[in-house]
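Rule-based calculations on the coordinates, nothing more; no lab input. None of the values given here were measured: they were computed from a predicted structure. Every residue, glycine as well, gets a Cβ built from its backbone with ideal geometry; the counts of neighbours run over all protein chains shown.
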Amino acid sequence: MNQRYREAIPLEDLRRLVVRASGLGSQTPFGRGRSGTGRALDHLGHVQIDTISVVARAHDHILASRVPGYRSEHLQQLMARREAFEYWAHAAAFLPMADYRHALPRMQRLAGGGRHWGHENREEMARVLDRIRDEGPLRARDFAAPPGHQGGWWSWKPAKWALERLFQEGRLMVVGRSGFEKIFDLTERILPEGVDTRPPSLDEHARWLVARARRSLGVFSARHVRYQRREDGLGGAVDAAIAEAMAEDELIEVHHPALPPGLRWYADTAGLAQAGRRIGRGVRALSPFDPLVIHRDRLLALFGFDYQIECYLPEPKRRYGYFSLPLLSGTRFIGRADCKAMRRDRQLVCRHLALEGTSATAHAEQLRDGFAALARMNDCERVAVERVSGIAEHEARRLGRALTQPLA
């Protein structure tokens, strides 16, 4: 069956599979409220944390895009109930507590002296641990800087480096946040009873990674499975797990002219069986760190959408704006919107709406609804669109006026 499928899968079916696997195929794939938030997190495997807050922070944005009525406190409730925890996926993230044991390989690698960006000062780490053990949960601000220390981004005081290293090694966990500042406590005081803390074998860990990719990516290469993971021997173990999944008919290898050569691509067999199901057509403004778009090569290959977040570029090099959000409609990316939530004025400002391969009339109503949803996500009461590009100038002016609106 695998051989028969190799050449016959239309690109649109692959796109449908990917959108549905990412949790964006319908309006309420996971339900609502805290339970819907928990199911979304379990399905995705992680939601990335990012410090940029020109619109809702990445973790809130990702969940709000999939859970109608989502509020930030839903995620905090999962943390308080020890159903979620903070650690590292490919970046800082919230993860399901049920997956805790699969964070252990990274923790063990770092605790054994593995390469990491954080300073390793064992004496300072011991002092920090002793204080937390004696005093309870603490923040970086609860530790004094040495005389003459000049603070700043990546010029952290020794205690801050120690806290982060202890967190990465798994000896501390985040019990909560004050504003956006992490509060740390001993891991043994945070882990709930019954959580599995047995380190997985390399083969078991690889099989788990492949199963997670089948569920939340749908279409992927081995490189996407092991993205930003550096455990020794993992590459071979992932290849073996993929071969095992193919032998069980859980995965098939796919070929399509849109997929670049040099990588072997795989698709979830069960997901392909659902490829004919309808995908919702409403426009969603996604986070730049959304799981659907985080693998830029995969996004370009499958959707023909060449996306780069430009906040890290000097302003003269930006084409679309500081924080442009990908705009998804069904299985197509129709452009990007550089947005900022002016929270004091309760207004969502789109400084640049750049449309691609679409007309103003084709998506005007969907764009209006999509901007309204983004505004509500950011507690804004009004949308203002300042500039539209990618369509005729007279259409751009008309669309900009139509999208500038108070919310009902």
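Based on C-alpha pairs under 8 angstrom that are at least 6 apart in sequence, the range 71-142 has a relative contact order of 14 percent.
Working from Cα pairs under 8 Å separated by at least six residues, relative contact order for the range 300-339 is 33 percent. Residues in the range 271-282 carry Karplus couplings, in order, of x, 5, 5, 9, 4, x, 5, 5, 9, x, 9, x Hz; the curve used is 6.51 cos²θ - 1.76 cosθ + 1.60 with θ = phi - 60°, and Gly or Pro positions show x. The eigenvalues of the Cα gyration tensor, multiplied by 5 and square-rooted, give the chain an equivalent ellipsoid with semi-axes of 36, 30, 19 Å from largest to smallest.
Sequence-ordered 3J(HN,Hα) estimates for the range 339-346 from the Karplus curve with 6.51, -1.76 and 1.60 and θ = phi - 60° stand at 10, 8, 8, 8, 5, 5, 8, 6 Hz, glycine and proline given as x.
Could you tell me which trypsin sites (Lys or Arg not before Pro) in the range 175-209 are loop residues by DSSP with no more than 12 other beta carbons within 10 angstrom of their beta carbon?
Numbers: sites: Arg177, Lys182, Arg189, Arg207; in loops: none.
Within the range 175-209, no trypsin sites (Lys or Arg not before Pro) qualify (loop, at most 12 other Cβ atoms within 10 Å).
With the cut-off at 1.5 for a/c, could you classify the range 10-66 from its C-alpha gyration tensor as rounded, prolate or oblate? Provide the component values of the computation, followed by the final result.
On the way: a/c = 2.27, a/b = 1.46, b/c = 1.56.
Because a/c hits 1.5 or more and a/b fails to exceed b/c, the range 10-66 counts as oblate.
Rounded, prolate or oblate: which fits the range 51-105 when a ≥ b ≥ c are the square roots of the eigenvalues of the alpha-carbon gyration tensor, with rounded for a/c under 1.5 and prolate only if a/b beats b/c? Oblate.
Using C-alpha pairs under 8 Å with a sequence gap of at least 6, the mean separation divided by the residue count of the chain gives a relative contact order of 16 percent.
Return the inverse of the average 1/r over all pairs of distinct C-alpha atoms in the range 308-406, which is the Kirkwood hydrodynamic radius, in Å to one decimal. Don't skip to the answer; put the middle values down first.
Numbers: mean 1/r = 0.0736 Å⁻¹.
13.6 Å is the Kirkwood radius here.
Using alpha carbons only, how many angstrom separate the centre of the range 40-67 from the centre of the range 333-393? Answer, in whole Å: 19. Annotation: amide H of Leu407 within the under-5 Å range of Arg382, Val383, sequence separation 5 or more or interchain, hydrogens built in the peptide plane.
Around the amide H of Ile49, modelled in the peptide plane, lie the amide H atoms of Ala92, Ala93, Phe94, all under 5 Å away and 5 or more residues distant in sequence or on another chain. Mind telling me which of Cys380, Cys339, Cys311 comes out most flexible in a GNM of the chain, alpha-carbon contacts under 10 Å? Greatest mean-square fluctuation among the candidates belongs to Cys311. For the range 192-201, the Karplus equation 6.51 cos²θ - 1.76 cosθ + 1.60, evaluated at θ = phi - 60°, returns couplings of x, 4, x, 5, 6, 10, 7, x, x, 5 Hz by residue, with Gly and Pro reported as x. Between His352, His59, His90, where does the largest GNM mean-square fluctuation fall for the chain, given springs only between Cα atoms within less than 10 Å? Comparing His352, His59, His90 in a Gaussian network model of the chain, the most mobile one is His90.
Residues considered: Gly335, Gly235, Gly271. Largest GNM mean-square fluctuation over the chain, using C-alpha springs under 10 Å, is found at Gly235. In this label model, Gln308 and Ala126 are separated by 4.8 nm, measuring between points 7 Å along each Cα→Cβ vector. Using alpha carbons only, how many angstrom separate the centre of the range 131-146 from the centre of the range 259-321? Between the Cα centres of the range 131-146 and the range 259-321 lies a distance of 41 Å.
Among the trypsin sites (Lys or Arg not before Pro) in the range 15-66, those located in a DSSP loop and surrounded by at most 15 other Cβ atoms within 10 Å of their own Cβ are Arg32. Here the range 286-338 yields Rg over Rh of 0.95, to two decimals, using C-alpha coordinates and the Kirkwood radius.
Rounded to the nearest 500, what is the chain's calculated 222 nm mean residue ellipticity when only DSSP H runs of at least 4 contribute -39500 (n - 2.57) each, over all residues?
Helix contribution divided over all residues of the chain: -11000 deg cm²/dmol.
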